[in-house]
1. Put a dot 7 Å past each Cα toward the Cβ at T221 and Q186; how far apart are the dots in nm?
2. Ignoring ligands, DNA and RNA, what accessible area per residue does the range 8-229 give at 1.4 Å, in Å²?
3. Quick one: the Cα spread of the range 1-40 along its three principal axes, in angstroms, biggest first?
4. Share of the chain's accessible area from carbon and sulfur, percent, 1.4 Å?
5. Can you give me the Cα centroid spacing of the range 130-209 and the range 26-71 in angstrom?
6. Could you sort 118-124, 155-161 so that the peptide with the highest average Cβ count within 10 Å comes first and the rest follow in order?
7. Please check: in the Gaussian network model of the chain (C-alpha springs, under 10 Å), which one of D103, D58, D48 has the largest mean-square fluctuation.
8. May I ask you to compute the full-extension gain from E212 to A122, defined as 0.36 nm times their residue separation minus their alpha-carbon distance, rounded to one decimal in nm?
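The values are calculated or read from the model by the stated rules, or taken from the named source; none is laboratory data. Just so we're clear, the structure is a prediction, and the values are computed from it rather than from any experiment. For neighbour counting, all protein chains shown are included, and Cβ atoms are generated from backbone atoms with ideal geometry for every residue, glycine included. With ligands, DNA and RNA removed, areas are computed over all heavy atoms of the protein, side chains included. Shrake-Rupley method; radii C 1.70, N 1.55, O 1.52, S 1.80 Å.
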Amino acid sequence: MSDLTGRTVLVVGRAGGIARAITLAVREAGGQVVVAGRDPEALAAAYDDPGVTAEQVDLTDERSVAALAGRLGRVDHVVSTASARARGVVGELDHDTVLASFDVKVLGPILLAKHFAPRLPADGSFVLFSGSSARKPTAGMLAVGATNAAVDVVARGLAVELAPIRVNAISPGTIDTGAYDGLGEQRKAELFAARRAGSPARRIGTAADVAEAVLFALTSTFVTGQVLGVDGGEPLV
Ligand SMILES: NC(=O)c1ccc[n+]([C@@H]2O[C@H](COP(=O)([O-])OP(=O)(O)OC[C@H]3O[C@@H](n4cnc5c(N)ncnc54)[C@H](OP(=O)(O)O)[C@@H]3O)[C@@H](O)[C@H]2O)c1
């Protein structure tokens, strides 16, 4: 079993979804968690646990990232789940939407690495979030896929630059985190039924599936520069 006793993990993201599952999994493994995001009140309200503290950060603002690094004491691991969606076929995309996607998910982790790596212990690590659209082109996922492919490159590049600090990326497939609720109940059910039928794992993923992989990345001291697919094999077919 993964053991994070005595370790502090910074988890950037929202109060629910994958970030929440990671926070609960780290606590279960004995670690302390600092949850950070744009809405620290919502984050604080989401946990009734003295082992979880909430902080403010906006990954598109370097001063905010630097200030968070300055406020926190020792941090052993940094996990960034933050993303800004840029779904749509090419004719629907606009400059600002695509830029926001890269800003949060690619530049954000680069800024986290810049300001936190000097404070991490040699056996610390970063976990970035990519997505299976980097490897499986689907109509409407152009900018999301390009963003995720860039995350994969950043994870490998940082693993070389920051060594011996480890850097890995998790690449989820379709995970039911509420991220698809905007489609409406019926379209979401149809999409999930089609993805379930086409997936080698024959199911939709859960936030707990992803959190398990994050714990593996945090505690596997011989794993770095990897993009770990947690996707039920979706990109294979
Ligand atoms: N769910 C899936 O099926 C799936 C599939 C592939 C990849 N992924 C990736 O897995 C990760 C987690 O997914 P999820 O579905 O749990 O979460 P999500 O719905 O993508 O939430 C990401 C959160 O990031 C936060 N965020 C946005 N801009 C930010 C900024 N400038 N600074 C700090 N935080 C910011 C937002 O929280 P606030 O609104 O509270 O600020 C947002 O809700 C994401 O990177 C996602 O792209 C998910």
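1. For Q186 paired with T221, the spin-label model returns 5.6 nm.
2. Details: 10260 Å² over 222 residues.
It amounts to 46 Å² per residue over the range 8-229.
3. Projected onto the principal axes, the Cα atoms of the range 1-40 cover 30, 17, 9 Å.
4. 55 percent
5. That distance is 23 Å.
6. Values: 118-124: 14.4, 155-161: 17.9.
So the peptides 118-124, 155-161, ranked by packing, come out 155-161, 118-124.
7. For the chain, modelled as a Gaussian network with Cα springs under 10 Å, the answer is D48.
8. Values: separation 90, 0.36 × 90 = 32.40 nm, distance 2.30 nm.
Working it through step by step, the gained length comes to 30.1 nm.
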